[in-house]
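Here the structure is laid out as structure tokens; the discussion comes afterwards.
Where a number appears in this text, it was derived from the coordinates with a stated rule and is not lab data. This is a predicted model, so every value here is computed, not measured. Here Cβ is always computed from backbone atoms with ideal geometry, including for glycine, and neighbour counts include all displayed protein chains.
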Amino acid sequence: MEHSTEYSGSAFIVVGVDGSDNSERAFEVALGIAQQRELALRVVTAYTEPGYEYLPENTQGLAQENAQEVMDDIIATAKDVDVAISSAAVEGDAAGVIIRESKNAALVVVGKRGRSRFAGRFLGSVSASVASHAHCPSLVVPGRGKRKELPESDFAGPADQADTAIGVITSEGVATTADFRDSVVVAVDLDIQPVDLVLTAAQYAEERDLNLVLINAQPFSGSLWMPVSPVYQAEVPDLRKNVADRLARFAEQIEDQTTAPVQWRFYDASPSDILTEASNTASMIAMGTRGRGGFSGLLLGSVSQAVLNRSVCPVLVIPTHPQD
């Protein structure tokens, strides 16, 4: 393992650490990806020096020293791994520091939650900011919580491609619609046709020999407390089938560009509920930013925040832009 305090290359992964268990887990994941892709790893932490003039002189620089110590300890755990590792303890806001580091990175990895002993912030707020504003894909890694083997669900009935009345339509070969084991799940907004986003997620699926599952969810049936007119209710099955047909055509387009097995699933349900449930068994959830490439109206607001907060598997957030 090569270890230096600076790295001048452009092919590298950034991981934010703060001494918490969640950031240690993020470091492990980032290190594994760097090793798999033969990229360098840059370990970054942020600190804030006290701004009081009357502090003893011997306390000056202590925050930076503590931050560097945290990084040195975590890097030491990777001594037998053949990855070039650099580190930087940077004064400033944790989210801002990581976002700046993302400008030249291939990927940013952060823990889902944790407490920074130096910036005094919960990493949950940092991870949300990084996911919103990073210049490269960001991977938000949860802790080592226990995951369900297979969640019980209103959507877990047998899949039947011809039956649009049950609210779930899938590609062939899907036996249980709530089972996402061995899969990278991608939120797909069909009005955007997010090819680049899906192919980025497909790269992760290919590297890990996983399936690629494209999901679109729209609550056509509405909520139980809101009355729905009989005329609209009669049209719901056709609305579902129309979306499912578009999703199937998009999946065919993706199949020609990846070696990962591709499936698709449409749900007449809340997008955040479906993605959160998928995280119980999926290897990864992938979403776009600013309503591009995920679900309509996805602004890292209600849907994305719910998924980031409730997901029990890593969430890959991929920057997308209007021109996509």
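Along region 71-76 the Karplus relation, 6.51 cos²θ - 1.76 cosθ + 1.60 evaluated at θ = phi - 60°, assigns HN-Hα couplings of 5, 4, 5, 6, 5, 4 Hz to successive residues, with x for each Gly and Pro. Between amide H atoms placed 1.01 Å from N, distances below 5 Å from residue 286 occur with 185, 186, 187, 316, all of them 5 or more places distant or on a separate chain. Cβ crowding within 10 Å, taken as a proxy for footprinting-reagent exposure, orders 220, 27 from fewest neighbours to most as 220, 27.
Sorting 239, 275, 308 from the fewest to the most surrounding beta carbons within 10 angstrom yields 239, 308, 275.
Of 71, 287, how do they rank once you tally other Cβ atoms within 10 Å and put the fewest first? Display every interim value, and only then the final one.
Details: 71 21, 287 30.
Ranking 71, 287 by Cβ neighbours within 10 Å, fewest first, gives 71, 287.
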